[in-house]
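Below is one structure, written out as structure tokens; comments come after it.
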Amino acid sequence: GTGQEFGFVLRQQHFHKCVVLLVQHDESFTKGIILNRPSKRMLDGWPLWCGGDVSEGGVFAERPQSASSPDVECMTARDFGEDDGCYPVVRGIKRCSFEAAKDLVDDGRAVPDDFWVFCGYCGWAPGQLAEELKRKSWRVLATSGSAVVDELIQQRDAARETWCAPSTPSISQ
């Protein structure tokens, strides 16, 4: 949002025009994933998105978190069950660990394009997000899971040539 008098976005550029999907909100913590920050980085051959600034350097670290880190997680529109490690976020969108996504691909039940891999996240302490909303640091919008997935597919398709370029940095585990 731009309704506040101080430069919130100027101090935290990763939030400029970002779209954040809240994936956890309870009394102890709020966690969100930035949805519109594809990067040129790859993790084990999978395109890596910047999910937020919280992690040890996130997607911008020389070597991002390991594939098993809780700061690396996936979103999917596929209907895998909780037995497969995929948990609902909102209708039509589920999240899982990167390891669970790789297991589903290795088992032949999915393909890498069924997932978006995010490194890092946005985090708020109890009451922090409510205060930021009061001072109009954020705009809250309603959407559907299918609209989010459609946008993620468009962004991935638009960035695919960049991700596959020979100069694309690759990180292997």
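The values are calculated or read from the model by the stated rules, or taken from the named source; none is laboratory data. Everything quoted here is computed from the prediction, not taken from an experiment. Backbone-built Cβ (ideal geometry, glycine too); neighbour counts: all protein chains shown. We work out accessible area using only protein heavy atoms, side chains counted, and drop any ligands, DNA or RNA first. Shrake-Rupley method; radii C 1.70, N 1.55, O 1.52, S 1.80 Å.
Observations
- Of the residues screened, E73 is not one that is modelled with pLDDT of 85 or more and assigned to a helix (DSSP H, G or I).
- Verdict on R63 being at pLDDT below 80 and open to solvent by 20 Å² or more (accessible area, probe 1.4 Å): yes
- Filtered residues of segment 15-28 (kept if exposed (fewer than 13 other Cβ atoms within 10 Å of the Cβ) and not in a strand (DSSP E or B)): H16, K17, D26, E27, S28
- For segment 113-127, a residue qualifies if it is touching a residue at least 40 places away in the same chain (Cβ under 8 Å) and either surrounded by 15 or more Cβ atoms within 10 Å (Cβ to Cβ) or among the β-branched types (V, I, T) (or both), and the qualifying residues are F115, W116, V117, F118, C119, G120, Y121, C122, G123, W124.
- Within segment 85-104, the set of residues being within 18 Å of G145 (Cβ to Cβ) and out of contact with any Gly (no Cβ under 6 Å at 6 or more places or on another chain) comprises C86, Y87, P88, V89, K94, R95, A101.
- Residue satisfying condition, being touching a strand residue (DSSP E or B) at 6+ places or on another chain (Cβ under 8 Å) and either on the phi > 0 side of the Ramachandran plot or modelled with pLDDT under 85 (or both), within set P169, P88: P169
- Segment 15-41 residues that are polar (S, T, N, Q), paired with ones that are open to solvent by less than 50 Å² (accessible area, probe 1.4 Å) and not in a loop (DSSP other than H, G, I, E, B) (beta carbon under 6 Å, 6 or more apart): Q24/K31; T30/W124; T30/L129; S39/L48; S39/C50; S39/V59
- Filtered by the rule that a residue be part of a strand (DSSP E or B) and of a type outside the set (A, V, I, L, M), segment 29-51 gives T30, K31, G32, P38, S39, K40, R41, W46, P47, W49, C50.
- Residues being hydrophobic (A, V, I, L, M, F, W, C) and over 25 Å from Q24 (Cβ atoms) - total across segment 106-118: 1
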